[in-house]
Each structure stands twice: as C-alpha cells, then as structure tokens.
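Worksheet: one structure, shown below.
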Amino acid sequence: MTQYADLEISLHRHSTDAYSVEFRFSQPDSDADIRLAKGEPALAQFDLDKLSSQVYDPAAYGENLSQSLFADPAVQTAFAQAMTSAQSLDAAVRLRLLIGPSAPELHNLLWETLRDPRDKTPLCTNENILFSRYLSSLDWRPVRLRPQGDLTALVIVANPSDLGDYDLQAVDVDGELNRAKNSLGTIPVTILPSAKDERCASLENLINCLRDAGDQDTYDIVYLICHGAFIKDQPWLWLEDENGKSARVSGNELVTRLKELHQRPRLVVLASCQSAADSAGEALAALGPRLAEAGVPAVIAMQGKVSMDTIASFMPVFFEELQRDGQIDRASAVARGAVRARPDYWMPTLFMRLKSGRIWYVPGFGEDRKDFEKWPSLLRSINRGQVTPILGPGLFEPLLGSMREIAQRWAETYHYPMAPYERESLPQVAQYLAVNQDRGFPYDELEEYLLQEIQARYQDELPPESGQGRLNLNQMINAVAAARRARDPLEPYKVIAELPLPIYITTNFNALLSSALKEAGKDPQVVLCP
C-alpha cells in the first residue's frame, strides 16, 4: 500500500500586495506536524495583470505562477526539504493548497498549472504529488466514509426550453447523459429530469432527490451539467422551473439549500455543457470553493471552457481510479496525467476538505490496513468493568466544531498579528484577544459564538424556549445531544454510557457524559478533579 506524506501550503494576506506562505509537513504514520517556515514569515507576491495576460499559454502561466510562489528562498528550501523527506521514505506527497479567508482573490489563479521549482515539470500531472485546493469548512458535521459497493450518483442535465431568449444554445441532453454515464462506469446512476415521473431539472427537485434518496443517506456523487454565467461576482446557473423554462439560480442559493440538508453529497462534479459559453467555466469554478466551504467534502469544477475531448478522456479515468481506492486527489492526479498532452489539461479543478482524500472504504479488515490486535483483551476488560474511558475534546467536536477552527476564525476576524502557524492555537489567539480587548473578552466571545452557532445549526432540534433566551449554552447543548442520541444508536456518548464501567473521566466542559449516563439508567456522581 502506498504511503503518503502530507504537505500543506497555506496563503494568507500579509499586506496590500504580499501574502505570507506557511508550510506544514508530516511524514507517513506520524501525527506530528513539522513547520517548515518558522520565524519571519515567508512572503509571495503575484502580478495578477501579467498572469491574466498569459491565461491562454498554460506553460508560461505556470512558470510565472511558480516563480511568484517560490520566489522567497525560504519557500524553495521548505518545499525541497518536504519532497526530499518523502522520497527518502518512498512515499508519495499529498499536497494541499489552502487559501485563507483573507485572500479570496487567489482562488481565481490557475494553480493547476504550477511547475515544480526543482525541474520545472508540471506538478499536477505527477501521480507522486496529489494536488488539491484545500478548504476548511464552517460545517461541524463529520464526513463519514461509505462502503465502496454502496456508492450512487445523481446526474442532472438542465435544458430549459427558452435558452434562446438568453442567447444560449440548447443542450444535447442525450449526448450529455451518455458522456456522464460512461464517465461514472459501474456506479449506479439516477437521472434528473426523469421522464418516469415527469420531474424537471429544477433546484427543488434536485434537493428533494438528495433528501429522499431511499435507504441511503443521500447520493454520494452529484454530476451537474448546465449553462452558467458569472455576473457581478456571483455565479449563476440556468436550471429549469416546473414548466421546463429557465430558472436562474444563484450560487449562494444552491449553496444554502445544500447546507440545509442533513447529509450532503460527498462529491459534486460541476460540468458545463458542450454548448456552454466561455463564462460558464468561470461561474462553475467560482462555485466550487463555496460548495466546499459549505460542507461538501469534494468538488470538481472546470475553470474554463474545457473541450469535450478533454472531458471524455479525464472523467472515465477519474471515476475508474476513484473506484480503486476511494482517494479523490489520487484519482484526479491520474486523470490529469491522462490528458497532459491537451492544452486545457489544467481546467479540471479539485476543491477538497478531506485530509485523507478518501470518500469510501472497503468493509472489514483488508490487507492494506493495520489491524488493532488487542480487541479480545480489551473487550474482556470492558465486560469485567476494568476499563476507565477518558473522553477528550475530539469526541465533542462533531457537535460544536473544533477549537482549531474557532481559533482560525478569530485570528482572521481580529487580525491576529503573530506567525501564521499560531492561528490554529486557541490559547494563543485568546491570549492576544485578552490583551487587545480585555481579559474577559475571550470567554464572553466564545460563549456568544457557540450560542449563535448552535442556534443556527440545530434550530429544528432545540425546544421553543431556546429562541426566547431562556436556555443557557449548556442547556442548549444538552437538548441537541439528546436528540442526536435518540436518532443515532451509535452516537458515541450513548455507546460509552451503556458500557458496564464504574468510572469515567471527561475533559469536556459540558454535561453530555452525565446526561448520557442518566439515559442509560445510571446515577452518575459528578466530581471535579482538584
């Protein structure tokens, strides 16, 4: 089984015309991060006008972009160190480019044209370097992997009858469907619009299909083919209304509707149709990061008017490779390598928020994983009550988000001035706020933030009095957690509370453990460690 080293390059605005570059590297089978650019921040500057003039020459564009990113010797050294370390371990590199919220304009650059600063070869067609644009998300819900055999796809082809009114050409529905189905291979496909029940390719029908996916949570893959345009910094899609005519849907509306679903698709493919205008690719590329930030684990979008020959070569290879091991970034690298000779090889873009790059797994214990060998003794100890669980914050984070994400958000909001690699440390960012504002500010801010987020995320699960300000934070957390335990028999606190154990230790500030123990018919005696 191939081993992967992780290299994350993150860009944050440093000044009006410069961006700080942070490197974070970890070796295979290691949880330790190696910060490769400490001390004074490494800086990069990008000549956006010159890059824009080179957009039709991907070789020149990639060379210019690479020279800009790796201009600082510290950045070159850090990159070379990471690659050398991975090669010495015979490991591939999972390269994630993270563009911080302070620099959204950098999403418009064609990062898939990047060149290796060591030998000037393309980075993104190399199967040993799995490149993706990585985005953190405000969505707290964990991404649960699905068994490989359960993968399903929903294909939507929008062809409004009045496209001519917008100077747009009609969509070859049969041709687009055949291309999509050929690309998806053996993955079961549901088609919208559906002649069987006369459903059109509307936003409402798309959401209803995802919500009413039968026995599964939702469709794993959504493959959307339509016209698009980028108007006043907003992507728009030409979907259908109930009469089959144009329904222009803004990117914000689509993102909002997907965010409201209990489960979202694991992969969204945004493909402009063969007759699409040049602006369609710009619209779909702009929609990609918004979907990823909203909680969709992975998005593939075309950042230009990609040729049908490139799509016909890229997509089947991508999905065939995806079915091998479920790793989206590896499948994308192989597929991009398959079209490397084409001038638009760089147009398929992967936006991702999965650190492992994987959306499915093989059930059971396979040869490619390391088994935990002490299950018999552990289970015996549990049954005898000879185990003491220690519950850390990781068990609580799926409900209210990680402290790392909160720290990053505060650092951006309050212009944290220290080194970029310290932005993920909540104690350090809170210490800055205590000095910059006042000593009690971080405590008040954290409570207010969590109250607002839990009301926004779990409005349907909260009792009516929560909206009237009569419930405090702990009461609201308990209400949401109780609803989750009632709905999910494998909810972690529920499972742990039902074990026959005499003592539990928790490092969390809430009462979730004691509430779960009471539901399990126990009488917990809560003691604070002195």
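The values are calculated or read from the model by the stated rules, or taken from the named source; none is laboratory data. Since the structure is predicted, the reported quantities are computational estimates derived from the model, not experimental observations. Because the Cβ atoms are built from the backbone with ideal geometry, glycine has one as well, and the counts that use them run over all protein chains shown. Heavy atoms of the whole protein, side chains included, go into the accessibility calculation; ligands, DNA and RNA do not. Shrake-Rupley method; radii C 1.70, N 1.55, O 1.52, S 1.80 Å.
Any idea what the dipole of segment 33-128 comes to, in debye rounded to 20, about its Cα centre with Lys/Arg Cβ at +1 and Asp/Glu Cβ at -1? Mind dumping the intermediate values first?
Details: 8 positive and 13 negative charges, 47 e Å.
Charge dipole of segment 33-128: 220 debye, to the nearest 20.
Between Cys529 and Arg118, take the C-beta separation as r, use R0 = 51 Å, and let me know the FRET efficiency to the nearest 0.05.
So, using R0 = 51 Å, E works out to roughly 0.45.
Can you give me the distance in nm between label points at Asp90 and His262, each placed 7 Å from the Cα along the Cα-to-Cβ direction?
In this crude spin-label approximation the distance works out to 4.7 nm.
Can you give the calculated 222 nm mean residue ellipticity of the chain, where each DSSP H run of n ≥ 4 adds -39,500 (n - 2.57) and the sum is split over every residue, rounded to the nearest 500 deg cm²/dmol? Walk me through the numbers on the way to the answer.
Working: 17 runs with 190 residues, N = 530.
After summing the helix terms and dividing by the residues of the chain, the value is -11000 deg cm²/dmol.
Looking at the calculated P(r) for segment 75-140, what percent of the C-alpha pair distances fall above 17 Å?
Tail of the P(r) past 17 Å holds 50 percent of the pairs.
Can you give me the % of accessible surface on the chain that is carbon or sulfur? Probe 1.4 Å, all protein chains present, nothing else counted. Walk me through the intermediate numbers first.
Working: 12590 of 25510 Å².
On the chain, the fraction of accessible area on carbon and sulfur atoms equals 49 percent.
Per residue, how big is the convex hull of segment 388-530 when only Cα atoms are used? Give it in Å³.
Values: hull volume 20.7 nm³, N = 143.
Spelled out: Cα convex hull of segment 388-530, divided by residues, is 145 Å³.
If packing is taken as the average count of other Cβ atoms within 10 Å, what order do 349-356, 255-262, 406-413, 519-526 fall into, highest mean first?
Working: 349-356: 22.0, 255-262: 15.0, 406-413: 18.9, 519-526: 11.8.
The densest-packed peptide leads the list: 349-356, 406-413, 255-262, 519-526.
Can you figure out the FRET efficiency of Asp47 with Thr413, using R₀ = 35 Å and their beta-carbon distance, to the nearest 0.05? Before the final figure, lay out the partial values.
Values: r = 29 Å, r/R0 = 0.84.
Efficiency, rounded to the nearest 0.05: 0.75.
Using the structure shown, select from Lys259/Lys355; Lys181/Lys355; Lys494/Lys518; Lys355/Lys494; Lys50/Lys120 the pairs with a Cα to Cα distance greater than 22 angstrom.
On the way: Lys259/Lys355 20 Å; Lys181/Lys355 28 Å; Lys494/Lys518 10 Å; Lys355/Lys494 27 Å; Lys50/Lys120 19 Å.
From the list (Lys259/Lys355; Lys181/Lys355; Lys494/Lys518; Lys355/Lys494; Lys50/Lys120), the Cα-Cα distance tops 22 Å for Lys181/Lys355; Lys355/Lys494.
What number comes out for accessible area per residue over the chain if the probe is 1.4 Å? Units Å², please. All intermediate terms of the calculation are to be shown ahead of the outcome.
On the way: 25510 Å² over 530 residues.
Per-residue value: 48 Å².
Could you rank the peptides 115-124, 150-159 by their average count of other C-beta atoms within 10 Å per residue, with the highest value first? Mind showing how you got there, number by number?
On the way: 115-124: 15.9, 150-159: 21.8.
Top to bottom by mean Cβ count within 10 Å: 150-159, 115-124.
Rank Pro530, Thr256, Pro417 by how far each Cα sits towards the positive end of the charge dipole of the chain (+1 on Lys, Arg Cβ; -1 on Asp, Glu Cβ) and give me just the farthest.
My answer, from the dipole projection, is Pro530.
Hey, got the Cα dimensions of segment 1-136 along the principal axes, in Å, largest first?
43, 31, 27
For segment 450-530, what size does the Cα cloud have along each of its three principal axes, sorted from largest down, in whole Å?
For segment 450-530, the Cα spread along each principal axis is 38, 33, 18 Å.
In segment 50-72, which residues have a backbone nitrogen under 20 Å from the label point lying 7 Å from Arg342's Cα in the Cα-to-Cβ direction?
Flagged as within label range: 55-62.
In what sequence, highest mean first, do 321-334, 3-16, 498-511 appear when ranked by Cβ atoms within 10 angstrom?
On the way: 321-334: 21.7, 3-16: 18.6, 498-511: 14.2.
Highest mean packing first, the order is 321-334, 3-16, 498-511.
For the chain, what ratio Rg/Rh do Cα atoms give with a Kirkwood hydrodynamic radius?
Working: Rg = 24.6 Å, Rh = 25.3 Å.
Taking Rg over the Kirkwood Rh, I get 0.97.
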